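Read through the structure below, which is laid out as structure tokens, and then see the notes.
Computed from the coordinates by the stated procedures, all read-outs in this text should not be read as laboratory data. Everything numeric here is computed off the predicted structure, so don't read it as measured data. Every residue, glycine among them, receives a Cβ derived from its backbone with ideal geometry; neighbour counts consider all protein chains shown.
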Amino acid sequence: MAKQNRSAKFIPISTSLTDTLEAENIHPDNRRDKSRLLTIAALAIAIAIFISVIAKVLVLLINLATNISFYGKFSLEHATPLGHSLGLLVIVVPAVGGVLVGLMALYGSKAIRGHGIPEAMEQILTNQSKIKPTISYLKPLSSAIAIGTGGPFGAEGPIIATGGALGSTIGQLLKISHYERKILLASGATAGMAAIFGSPVAAIFLAIELLLFEFSPRSIIPVALACITGAAFHHFLFESGYVFAMPAVLPAALNTALFGYSVVGLLIGLLSVAITKAVYFIEDMFEKLPIHWMWWPALGGIAVGLVGYFNPATLGVGYENITNLLSGNMALKLVLSLCLLKFISWAIALGSGTSGGTLAPLLTIGAATGALLSAVVLHFFPDSGISISMGALIGMSAMFAGASRALLTSIIFAIETTGQPNALLPLLAACTASYFVSFLLMKNTIMTEKIVRRGIKTPDSYEPDILEKKTVADVMKEDAILLREDASIADVRDLIDEEGLRSANYFVIVNGDNVFRGIVSVSNILSNHHETDLPVGSLIRRKDISISVSDSLRHAVEKMSKENLDMLPIVSAEQTIIGVLSYKDVLSAYQHRLDDHEQKGTHISLRRQGLKILIRGQKLVSAFKRTS
């Protein structure tokens, strides 16, 4: 028997690989994945409904806090601090709000501090997308107090953080994977954004660029359904029109105007880098203060109140400021004042660690800067075709693109919230220019700087997973070291010694018909605890560990990791062995990817091509002469 096994240890594959692939086209794992996708999609829609209602509650709480703080009345009606009559007392109001937020952070959760997206990214990258459930109610409550008492933030940052926390909490209550919990977190966060702005497509891109860092059906479908649900509730709970409605449709930009908008984008890119560095410089200064961090939001609130005393338009959400800037009718002196003072107020407040956001302030500062730069260009080049309204629009998007590097989100967001179809090309030019400058001059973004300082590496690019792209069939080896289950342990030990197979780690066990039975480790075969006349099949302890040729390498690696194996047997639909996959085969797939990225060389010789053209030309001339 020993000789028979020695000669048959490399068993040829009798099944055609093409036939096997066709037979394995519908794999049980694929059906399970589709079933899970339906479940996660349904959960994402349910979370979107809840977060949309919470978004409405948050806006009402901001209205309530604003009415109480600046007008002394208990009302849920929309109000802004712009018309207050508090005089110097306005300096105290944001400071009181800062004290309340500091107390909530101290005795509730420190995680309510900040603007939400970096905190969500951190939990995705380091904590299996687990966010404390308390954030689901502490974040909107603390943000309503901070904004309602004059904090220069928008409602979108807090609701994104709240939606992410809600999705994560639901994911922790249910028996789902870490990856599925990440999808629910992203669904909740982006549904919140869609509910506030009515911008579902931009919200989907936000998930891709800042939360998921991938594009696959199992992640995008739930997120898209959640964003659609959030946008539907935006029209139901808020308004049916555009959030930043403009008085007229802007005309299409000419080439000279496109050049001017590109220059504006470059300048705003430089400004976005400076603003990002300034925000974190101020945060570092607060870190050096000899007082407890609980009091920092109060100090930031005093700065907000002082700035608000000189320009009340800097207080509160300020969506009206963005609309006024986009109209192009605001006096340039007011635009300049709003740009500078809003930045000072927001940067100090955010650096103090209060509960706020970044999107609305960045949009305001960017729109004001875009309007100012467009006015300067028009002054020197009146025939350039540049519009101040278009300048404000591309300015607000270019600022967000440069500060966050969410390029596609910035472009689509501007179109969805204003309804300006002719702005697409100017937005693409300006946002790309701003993104380019930011990428060259700034290592991290306003979203990632905080978590990078904590030693967390953040993805800086979106690339398809090589393990998802390739299947087992792409890298498998059709030679397998197989052992018959009826071979004795003694014979197998002799085979191992004679062939030098101690480094093989595992052997695949089959029956006489080449049907897979299981695997046995070499260490188990060589153990002194077994009777040597027993069949090697009696040592099988691990059976359900095979894969199919149609499985992705990602699925194979996950199974290797789960089973703690460095190889997996590959079986056909009839459970016959057709090959093995080792970790070295997986590494070879990565090596091919590195070769694609790093190997350089010319595939076309210009000199050779030139000679060919010259020879052909000479032949044509000779033929022409003969014809003549």
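Structural remarks
- Where Cα atoms sit under 19 Å apart: lysine pairs in the range 32-237 separated by 8 or more or lying on different chains: 11
- ³J(HN,Hα), Karplus 6.51/-1.76/1.60, whole Hz, each residue of the range 555-572, x for Gly, Pro: 4, 5, 5, 4, 5, 4, 5, 5, 8, 6, 10, 9, 8, 9, x, 10, 10, 8
- Counting other Cβ atoms within 10 Å as a rough exposure proxy, the listed residues Cys431, Cys339 run Cys339, Cys431 from fewest neighbours to most.
- Additional length obtainable on full extension of the chain from Lys34 to Ala490, 0.36 nm per residue less Cα span: 159.5 nm
- Each label point was placed 7 Å from the Cα along the Cα-to-Cβ direction; for Lys584 and Val96 their separation is 7.4 nm.
- Degrees between helix 606-627 axis and first principal axis of the chain (Cα, 0 to 90, nearest 10): 80 degrees
- Two-site label geometry, Leu424 and His530: point separation in nm, points 7 Å out along Cα→Cβ: 6.6 nm
- Scattering profile of the range 255-453 at q = 0.13 Å⁻¹ [log10 I(q)/I(0), Debye over alpha-carbon scatterers]: -0.66
- Per-residue ³J(HN,Hα) for the range 68-73, Karplus 6.51 cos²θ - 1.76 cosθ + 1.60, θ = phi - 60°, Hz, x for Gly and Pro: 5, 6, 9, 10, x, 10
- Listed residue (Gly164, Ser588, Ala248) projecting farthest to the positive dipole end of the chain, Cβ model: Ala248
- Descending semi-axes in Å of the range 43-150, equivalent ellipsoid built from Cα gyration tensor: 29, 17, 10
- The slack in the chain from Phe380 to Tyr107, taken as 0.36 nm per residue of separation less the alpha-carbon distance, amounts to 92.6 nm.
- Counting every alpha-carbon pair across the chain, the share separated by more than 40 Å comes to 44%.
- In order through the range 520-528: 3J(HN,Hα) via Karplus (6.51 cos²θ - 1.76 cosθ + 1.60), integer Hz, x for Gly, Pro: 9, 6, 4, 4, 5, 5, 7, 5, 7
- Taking amide H as placed 1.01 Å from N in the peptide plane, the amide H of Arg517 sits under 5 Å from that of Ile509, Val510, Asn511, each at least 5 places away or on another chain.
- Counting neighbouring beta carbons within 10 Å and listing from fewest to most, the residues Phe213, Phe74 come out as Phe74, Phe213.
- At R0 = 60 Å, FRET efficiency that the Cβ-Cβ distance of Leu254 and Ala573 yields, to 0.05: 0.45
- When only alpha carbons are used to place a centre, the range 364-435 and the range 200-260 end up 16 Å from one another.
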